[in-house]
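Accompanying notes for the structure given below.
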Amino acid sequence: MTDSAVQTASGALETALEAAFRQIAATRMRDMPLCNPALTVEAIGFRTWQNDRVGVLITPWSMNLICLPGPDTLWQPASSGSTHSLPLPSGDYDFMNAHEDAIAAYLSSSLFSPMFEFADMDQARAVAEAVLAEVFTVAEPEPAVVSTIVPAEGMTAKLEQPLSRRGFLGALLPVGK
């Protein structure tokens, strides 16, 4: 496939995504109280990443990072609602498998929902573009931290367990609190 054919096919994916979600906005989501009437459906900043197309989808009810499968995708569609970890330049992101008849299988990672904190589409677009800039910025390796802190009594067992970023601070809380 030539570069222009790939661009045309890629543009068709985003157009189909927008059309599918405009239909959802006009039917299933019409008059839903969680919709922000100042917003519309728009696909933002889609680009090719590892044989797929990744970008942001803004709707009146949510903003999601979306992965649309390319012809040589590295992931296989799975049942809706199951999760899939997708490596992006800034790190690994958890996505939900989803399916809409008009676009088939895709991956979706929620960024914002509901969307009431956005005054208008310009503000939502600016946030979507900032998110994509961060997602596609290569993460710098975290420097190794050498600690000379001696854990308080009872803390050793908590600190020896593998920790997530969020769990790190929780491990420092006194035992029993």
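Values in this text are rule-based calculations from the coordinates and carry no lab data. Not measured: the values here are computed from a predicted model. With ideal geometry, Cβ positions are generated from the backbone for all residues, glycine too; neighbour counts draw on all protein chains shown.
One table, with the values for the structure above:
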{"read-out": "Overall form of the stretch 61-139 per C-alpha gyration tensor (a/c, 1.5; a/b vs b/c)", "value": "oblate"}
{"read-out": "Rough spin-label spacing in nm, given labels placed 7 Å along Cα→Cβ, for Q23 and V138", "value": "4.1"}
